[in-house]
Amino acid sequence: MAKRAAVQNGAGTPRIVFEDVSKQFGKNIVLNELNFNVAKGERVTLIGPSGSGKTTILRLLMTLEELSGGYIYVDGDPLTHKKNDTGKRVAMKTKEVSAIRKRIGMVFQQFNLFPNMSVIENVTEAPIHVLGQSKDEAREKANRLLDQVGLGDKAEEHPTRLSGGQQQRVAIARALAMEPEILLLDEVTSALDPELVGDVLGVLRDIADTTDITMLLVTHEMQFARDVSHRVMMFDAGHIIEEAEPDAMFSDPQHERTKKFLQAIL
Ligand code: ADP
């Protein structure tokens with residue numbers, strides 16, 4: 001896998017910038033002035049103990065949670081807040097937020113398919129209603145994506161009749177149908193029976209190999225993370241305590257906390 005070729009780290013505008021991002025739930029400060037960048041085409045895996053803020057980072061990008069402080073930029077455009085001319089932090093308008101938010105897709109641990117719709121309706125719903133594609137155009141593309149995730153023959157099925165692994169592959173096709181520049185993957189195999197994990201990871205490897213979509217992944221599948229990521233960031237209590245290319249991170253972690261964490265899960 002020529003995984004490092006696509007990334008031009010340090011060149012051009014980063015795809016994602018977190019600048020002094022803070023997030024608290026009540027009194028619980030989960031992220032405190034967090035800073036990091038992700039380059040265009042880069043695939044970054046977030047690892048770290050449960051509760052260290054990994055999912056919150058993805059949900060902030062997806063605008064499913066509100067920022068408590070700081071800024072997130074996508075291709076240089078402020079996502080939910082910007083600095084105005086006098087340097088004051090102001091919220092973006094809803095319309096502006098949704099325009100940028102369209103560039104981001106997310107796949108969740110629990111699939112989150114619409115249970116009352118067929119597989120193909122799940123995949124075409126947003127392209128038709130959000131992107132304004134014609135029904136024919138959306139269906140043609142959805143069929144191609146369903147083929148790609150190995151479910152070309154399940155288009156008319158209802159999701160409840162599919163296995164968890166198949167449902168997750170529909171969720172991946174649904175996210176890709178929006179042609180996102182950024183794909184967020186939040187423990188997408190954690191709810192699956194072990195024998196179903198391989199197919200889902202296979203689909204994701206294929207996407208990593210054949211597209212230059214920027215990916216942010218939270219996963220416990222360390223071999224997968226090692227194979228597909230360009231960079232791994234280790235979180236503890238909302239802070240990046242170590243980051244490295246995956247081979248270095250997994251073979252030769254520097255921080256005691258990382259060593260302990262990897263020993264416990266590998
Ligand atoms: P991770 O993904 O690393 O396991 P999370 O981002 O899910 O961590 O959670 C970080 C912290 O934020 C935890 O203490 C968690 O309890 C808290 N948290 C996450 N979501 C919410 C929420 N909606 N309401 C209150 N607390 C939350």
Item checked: Matching residues in the range 52-65 - criterion: being in contact with a helix residue (DSSP H, G or I) (Cβ under 8 Å, 6 or more places away or on another chain) and more than 9 Å from the ligand (Cβ to nearest atom) -> Met62, Thr63
Notebook entry, point to check: Taking the condition under 20 Å from the mean Cα position of the chain (by Cα) and over 20 Å from Val200 (Cα atoms), does Ala126 pass?
Noted result: yes
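Go through the range 194-224 residue by residue and tally those that are within 16 Å of the ligand (Cβ to nearest atom) and within 13 Å of the chain's Cα centre (by Cα).
First pass over the range 194-224, keeping only residues within 16 Å of the ligand (Cβ to nearest atom): 216-222.
When the remaining residues are screened for being within 13 Å of the chain's Cα centre (by Cα), the result is 216-219.
Residues in the range 194-224 being within 16 Å of the ligand (Cβ to nearest atom) and within 13 Å of the chain's Cα centre (by Cα): 4 in total.
Table: residues versus (1) on the phi > 0 side of the Ramachandran plot; (2) surrounded by fewer than 21 Cβ atoms within 10 Å (Cβ to Cβ); (3) in contact (Cβ under 8 Å) with a residue 24 or more places away in the chain.
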site	(1), (2), (3)
Glu19	no, yes, yes
Gln24	no, yes, yes
Asn28	no, yes, no
Glu33	yes, yes, yes
Gly41	yes, yes, yes
Leu46	no, no, yes
Lys54	no, no, yes
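Kindly indicate the residue of the range 16-46 that is under 13 Å from the mean Cα position of the chain (by Cα) and β-branched (Val, Ile, Thr) and also nearest to the ligand (Cβ to nearest atom) among those meeting that condition.
Initial filter on the range 16-46 (under 13 Å from the mean Cα position of the chain (by Cα)): 16, 38, 41-46.
In the following step, the residues that additionally are β-branched (Val, Ile, Thr) were identified as 16, 38, 44-45.
Working: Ile16: 17, Val38: 17, Val44: 15, Thr45: 13 Å.
Result: Thr45.
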Checklist line | Single unsatisfied condition, Lys82 versus (1) at pLDDT below 95; (2) surrounded by 15 or more Cβ atoms within 10 Å (Cβ to Cβ) | finding: (1)
Notebook entry, point to check: So which residues in the range 129-155 are free of Cβ contacts under 8 Å to residues at least 24 places away in the same chain, crowded, with 18+ Cβ neighbours inside 10 Å and outside any loop (DSSP other than H, G, I, E, B), if there are any at all?
Noted result: Arg139
Notebook entry, point to check: Considering Asp199, Asp193, which residue is surrounded by fewer than 21 Cβ atoms within 10 Å (Cβ to Cβ), under 20 Å from Gln109 (Cβ atoms) and in contact with a helix residue (DSSP H, G or I) (Cβ under 6 Å, 6 or more places away or on another chain)?
Noted result: Asp199
Next item on the list: Determine whether Ala225 is under 16 Å from Met106 (Cα atoms), in a helix (DSSP H, G or I), of a type outside the set (S, T, N, Q) and in contact (Cβ under 8 Å) with a residue 60 or more places away in the chain.
Entry: no
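The values are calculated or read from the model by the stated rules, or taken from the named source; none is laboratory data. Source: prediction; values computed, not measured. Virtual Cβ from ideal backbone geometry, glycine too; neighbours counted across all protein chains shown.
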